[in-house]
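Working notes, beginning with the structure itself.
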Amino acid sequence: MNLKELVGIEVAKYVKDGMIVGLGTGSTAYFMVKELGRRVKEEGLQITGVVTSSATEKQATELGIPLKAIDDVEYVDLTIDGADEISNDFQGIKGGGAALLFEKVVATYSKDCIWIVDESKMVDKLGNFPLPVEVVPYGSHNLFRLFEEKGYHPKWRKKADGELLTTDGGHYIIDLALEVIEDPRALATELDNYVGVVEHGLFIDMISRVIVGTSEGPKEIE
Ligand code: 5RP
């Protein structure tokens, strides 16, 4: 069993009957959703899922997990999601799977969030993973040039056919190759202030627990 599968199955134990569960996106979250689907089918687990992407919606629907839209619930009890990088102080980068906007919306309305990662994602400082910025298409090439001028080394997120990728929200993604983010909070505020930026992949103070898949087994860090 690989480390992503290990943590995906482990974290599903935190889900109890009656919970509204935020279902994350990505190859680690995939195993968590799969395990929840198994528990719904084989153990009669009663949950309502709130998805963070069309990909997770498809998977959860196929597995028979009952779903509600984020706007049809007042809050989510627990959201479980993957991440691309997590620093020692629990700040993170997400959006490698292009679902950062809906992931951040669902996390915002969640009482509790757990991230599940393999140990390669734990870092001292964020930034080695390119930071995704989701932008409105209108004016996005000017925003791209602005990021170039600032030395942020922007790159368009593209599909396999070379076309620009469009997110579930109908936006583009510009990935910033920053190498090291010395002050994630300040950068988050800066990005929030650019006209045309819908959201970015810096998740500041949004999680309380991380389950890390290690070669010795899953480890919970608080
Ligand atoms: C999607 C995400 C993913 O959670 C993140 O990219 C981690 O993905 P994976 O588990 O496949 O490594 O933020 O937008």
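Before moving on, here are some points about what is shown:
- From Asp192, Asp168, residue being under 19 Å from the mean Cα position of the chain (by Cα) and surrounded by fewer than 12 Cβ atoms within 10 Å (Cβ to Cβ): Asp192
- Residue pairs meeting the criteria (Cβ under 6 Å; at least 6 apart or on separate chains; first at positive phi, in segment 70-95; second away from the ligand (no atom under 16 Å from the Cβ)): none
- Selection within segment 119-140 - closer than 24 Å to Glu5 by Cα and either within 8 Å of the ligand (Cβ to nearest atom) or under 13 Å from the mean Cα position of the chain (by Cα) (or both): Lys121
- Checking Phe102, Phe90 one by one, the residue that is within 16 Å of the ligand (Cβ to nearest atom), aromatic (Phe, Trp, Tyr), closer than 20 Å to Pro132 by Cα and not in a loop (DSSP other than H, G, I, E, B) is Phe102 and no other.
- Test result for Asp168, acidic (Asp, Glu) and without any contact (Cβ under 8 Å) to a residue 40 or more places away in the chain: no
- Inter-residue pairs, beta-carbon under 6 Å, first among the hydroxyl-bearing types (Ser, Thr, Tyr) and in segment 35-60, second assigned to a helix (DSSP H, G or I) and surrounded by fewer than 19 Cβ atoms within 10 Å (Cβ to Cβ), 6+ apart: none
- Filter result for the condition that a residue is away from the ligand (no atom under 14 Å from the Cβ) and over 18 Å from Ala69 (Cα atoms), over Lys4, Lys13: Lys13
- For Glu220, the conditions (1) over 17 Å from the mean Cα position of the chain (by Cα); (2) within 16 Å of the ligand (Cβ to nearest atom) are fulfilled apart from (2).
- Failed condition for Leu143, given (1) more than 14 Å from the ligand (Cβ to nearest atom); (2) within 17 Å of Thr48 (Cβ to Cβ); (3) not acidic (Asp, Glu): (2)
- Selection from segment 85-142 of residues that are of a type in the set (Phe, Trp, Tyr), over 20 Å from Gly169 (Cα atoms) and at pLDDT 95 or above: Trp115, Phe129
The values are calculated or read from the model by the stated rules, or taken from the named source; none is laboratory data. What you are looking at is a predicted structure, and each value in this text was computed from that prediction instead of being measured. Glycine gets a Cβ as well: all are built from the backbone with ideal geometry, and neighbour counts include every protein chain shown.
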